[in-house]
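Please read the structure below before turning to the comments.
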C-alpha cells in the first residue's frame with residue numbers, strides 16, 4: 001500500500017513536469033502551425049473593454065469620441081463589455097484576448113499591444129502638442145485663494161511650484177513621468193529670483209497635494225524634482241480623484257483636515273469648480289494646465305485594424321448606435337471606408 | 001480558615017468577571033460592525049443624498065441593472081441581479097468543491113499511510129492560509145487563459161476568459177482547503193466501533209468508507225460546507241480579478257461575464273464619492289443578511305440531516 005502511494009506521487013510529479021515543459025514546446029509548435037491557419041478570425045465579435053465610471057481616462061476617451069454621456073453611464077455601452085483597470089486592459093490586449101479593444105493612457109502604451117491611429121494620426125508627444133492627435137485630456141492644477149494658505153511660506157512655495165511646472169526642468173520631469181508636457185522656453189534659474197522663499201530652509205514646511213490619482217505619478221515626480229530646488233519642503237500627497245481638486249482647495253472641504261494646497265484634475269474644471277464658495281470667479285492665476293494626457297485605443301498585435309476615428313469607436317461602444325459595429329469584419333469595412 | 005475560603009471565592013469571582021468581560025468584548029466587535037454598516041447603509045434610503053433623492057428600496061433589492069443613468073447623477077441602483085449571481089457562483093463553487101474536499105478528507109483520514117496523510121494535511125493547511133489576492137492573481141494569470149481556450153473549443157467566444165466558469169473555478173480552489181481540513185477532522189473522529197462493526201458484518205472497505213464513515217461524519221462535512229459557502233459568498237478580491245464586472249442582467253451561461261455583490265463593492269471604490277460610495281455600505285448590509293440567511297438555512301438542514309444519524 002505504501003509503495004503504491006509513493007509510486008503514485010512520483011508519477012504525478014513526473015507528469016506535471018512533462019505537462020509544464022510540454023506547454024512551452026506546444027506553443028512553439030502552434031506558432032509555426034499558425035502560418036497555415038488564419039490566426040485572426042474577423043467574423044468574431046468585438047469584445048469591449050472599458051475603465052470604471054469614476055476613471056478620468058474613461059472621461060477623456062468617451063469625451064474624445066463624442067460619447068460623453070457614456071463616461072458615467074454603463075447602460076449606454078454595448079452588451080457584454082468588461083470593466084477593468086489599466087493593467088488588466090493591457091494584459092488582455094497583449095495576450096489573452098485577440099478579439100478585444102480597449103483604451104489606455106499614452107504613457108502606459110507598450111510594445112505588447114497595438115495602438116490605433118486616430119484619424120490617421122499616431123499618438124505621440126509631438127502629435128499631441130501640435131494638436132493633430134485628437135484623443136487627449138488635459139492635466140490641470142488649482143491653487144487655494146491668496147491668503148487662504150496655512151501660512152505665507154506655504155503660499156509662496158505653492159506659487160513657486162506652479163511656476164516651476166512651466167519651466168524646462170519641470171516639463172522634463174512631467175514628460176519623464178509619462179504625460180505630454182506643454183512647450184516652454186523658460187529655465188528655472190531664470191525665474192527663481194522671483195521666488196525668494198526657495199532660498200530659505202523649508203524643511204519644516206508641509207505643502208499638501210491632492211486631486212486626481214491619474215496625475216499622482218506625475219505630481220510626485222514634479223515635487224520630488226522641485227523640493228531640492230526650494231528648501232526641501234515636505235510634500236504630502238493624497239490623491240483621491242479629480243473631483244477633490246476643487247473641493248479640497250476652494251470648495252466645501254478646503255478647511256477640513258483633508259484640505260489641500262494644490263489640487264490636480266485630469267479633466268477640465270467644470271463651471272461650478274471655476275468659482276469660489278461665494279460664487280465669485282477664481283482669478284486666472286489660481287488654475288491652469290500642466291500637461292496633456294493622450295489616450296490611445298489599443299487592440300491585440302494580431303488584429304489587422306490600424307486606424308480609427310471617433311465615429312468608428314463610438315459605433316463600437318454605443319449600444320443604441322444607428323449603424324453599430326459588432327464584429328471585426330464590420331470594423332475593418334468601416335476602416336476601409338474612412 | 002474562613003478568610004482563606006472567602007479569598008479564594010473572591011479571586012474566582014474576579015477571574016469569572018474578567019473572562020465575562022473578554023467574551024463581551026469579542027461579541028461587541030460584531031455588534032459594532034453591524035451598527036456602523038447599518039447606520040451608513042440605511043442612509044441612501046432615508047436621506048436626500050445631496051439632492052439626488054432617496055433610493056427606492058424595492059428597486060434596489062430587485063433591480064437587474066446596477067445603475068440606471070449616469071454615476072453621481074442618478075439614484076436608481078439595483079442589485080437584485082447581483083444577489084442571484086452571487087448565490088449562483090457560490091453554490092456552483094460548492095458543488096464542485098464539496099465532493100473533492102470530502103473525498104480528499106476521506107483519503108487523508110482513512111486510507112493514506114501516516115506519512116502521506118501528514119504531508120497532504122500540511123499542504124492543505126498551507127493552501128488554506130494563502131491570501132485571496134494571490135488566488136486572484138493565479139486566476140487572472142492562468143485560469144482566464146484556460147477558460148478562454150476552453151470556450152473557443154466549445155465554439156463560444158468568451159471575453160478573454162472573464163466568465164462565470166473562471167469565477168467558480170477560482171472560488172472552488174479557494175474553499176477546497178478550508179472544507180478539507182474540517183471534513184477531515186470530522187471523518188477522523190468517527191467512532192471506531194462503527195467501522196469495525198461494519199467490517200465485521202462483511203462489508204468491504206469501500207462500502208464501509210462510503211456508507212458508514214461518511215454517513216456518520218455527515219454533520220461535520222455539512223459544517224465544512226457551511227464554512228465553504230460562507231467564504232465563497234464573502235470573497236471579493238479574487239472574484240474581482242476574474243469575473244468581468246457585469247453591470248446588468250441575470251445569466252446562468254457559464255461563459256458569460258458575471259459579478260458578485262463583493263466584487264461590485266470593490267470596483268471603483270477608490271475614486272468615488274457621495275451616494276456612489278455610501279451605496280456600497282448598503283450592498284454590504286444586504287450581503288450580511290444573505291450570509292446570515294444562508295447560514296441559518298444550512299444549519300437548519302444540517303440539524304434535520306444529523307437527526308437521521310444520531
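Looking at (1) farther than 17 Å from residue B:164 by Cα; (2) assigned to a helix (DSSP H, G or I), which is the one condition that is false for residue B:262?
Only one criterion in (1) farther than 17 Å from residue B:164 by Cα; (2) assigned to a helix (DSSP H, G or I) is unmet by residue B:262, namely (1).
Would you mind finding the one in A:231, A:210 that is surrounded by fewer than 20 Cβ atoms within 10 Å (Cβ to Cβ) and in the same structural domain as residue A:265 (by TED's automatic domain parsing)?
The conditions single out A:231.
Applying the selection to region B:44-64, what residues are under 22 Å from residue A:68 (Cβ atoms) and modelled with pLDDT of 90 or more?
None; the set is empty.
Here is a yes/no grid of residues against (1) within 30 Å of residue B:220 (Cβ to Cβ); (2) within 14 Å of another protein chain (Cβ to nearest Cβ); (3) at pLDDT 90 or above:
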| site | (1), (2), (3) |
| --- | --- |
| B:72 | no, yes, no |
| B:78 | no, yes, yes |
| B:88 | yes, no, yes |
| B:91 | yes, no, yes |
| B:97 | yes, no, yes |
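Tell me, which helices (runs of 4 or more DSSP H) wholly within region A:99-198 include 2 or more residues that are under 20 Å from the mean Cα position of the chain (by Cα)? Even if it seems obvious, please write down each step before you answer.
Values: elements: A:125-129, A:152-165, A:168-176, A:188-191.
In region A:99-198, A:125-129, A:168-176 are the helices (runs of 4 or more DSSP H) which contain 2 or more residues that are under 20 Å from the mean Cα position of the chain (by Cα).
When you scan region B:235-253, do you find a residue that is within 15 Å of the chain's Cα centre (by Cα) and surrounded by fewer than 18 Cβ atoms within 10 Å (Cβ to Cβ), even just one?
yes
Give me the residue from region A:258-308 that is in a loop (DSSP other than H, G, I, E, B), outside the structural domain of residue A:162 (by TED's automatic domain parsing) and surrounded by 19 or more Cβ atoms within 10 Å (Cβ to Cβ) and, out of that set, nearest to the chain's Cα centre (by Cα). Working first, answer last.
At the first step, the residues of region A:258-308 found to be in a loop (DSSP other than H, G, I, E, B) are A:258-261, A:266-270, A:274, A:276-280, A:282-283, A:300-306.
Cutting the leftovers down to outside the structural domain of residue A:162 (by TED's automatic domain parsing) gives us A:300-306.
Narrowing the set further to residues that are surrounded by 19 or more Cβ atoms within 10 Å (Cβ to Cβ) leaves A:300, A:303, A:305.
Numbers: A:300: 19, A:303: 23, A:305: 23 Å.
Here the residue is A:300.
So is residue B:57 surrounded by 15 or more Cβ atoms within 10 Å (Cβ to Cβ) and either touching a strand residue (DSSP E or B) at 6+ places or on another chain (Cβ under 6 Å) or away from chain A (no Cβ under 11 Å) (or both) or not?
no
Residue-wise test of (1) part of a helix (DSSP H, G or I); (2) at pLDDT below 85; (3) under 30 Å from residue B:249 (Cα atoms).
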{"position": "A:18", "(1), (2), (3)": "yes, yes, no"}
{"position": "A:26", "(1), (2), (3)": "yes, yes, no"}
{"position": "A:29", "(1), (2), (3)": "yes, yes, no"}
{"position": "A:36", "(1), (2), (3)": "no, yes, no"}
{"position": "A:53", "(1), (2), (3)": "no, yes, yes"}
{"position": "A:59", "(1), (2), (3)": "yes, yes, yes"}
{"position": "A:70", "(1), (2), (3)": "yes, no, yes"}
{"position": "A:75", "(1), (2), (3)": "yes, no, yes"}
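Could you check, for region B:36-48, whether at least one of its residues is farther than 30 Å from residue B:183 by Cβ and either within 14 Å of another protein chain (Cβ to nearest Cβ) or not in a helix (DSSP H, G or I) (or both)?
There is at least one residue in region B:36-48 that is farther than 30 Å from residue B:183 by Cβ and either within 14 Å of another protein chain (Cβ to nearest Cβ) or not in a helix (DSSP H, G or I) (or both).
The values are calculated or read from the model by the stated rules, or taken from the named source; none is laboratory data. None of these values were measured; they are calculated from a predicted model. With ideal geometry, Cβ positions are generated from the backbone for all residues, glycine too; neighbour counts draw on all protein chains shown.
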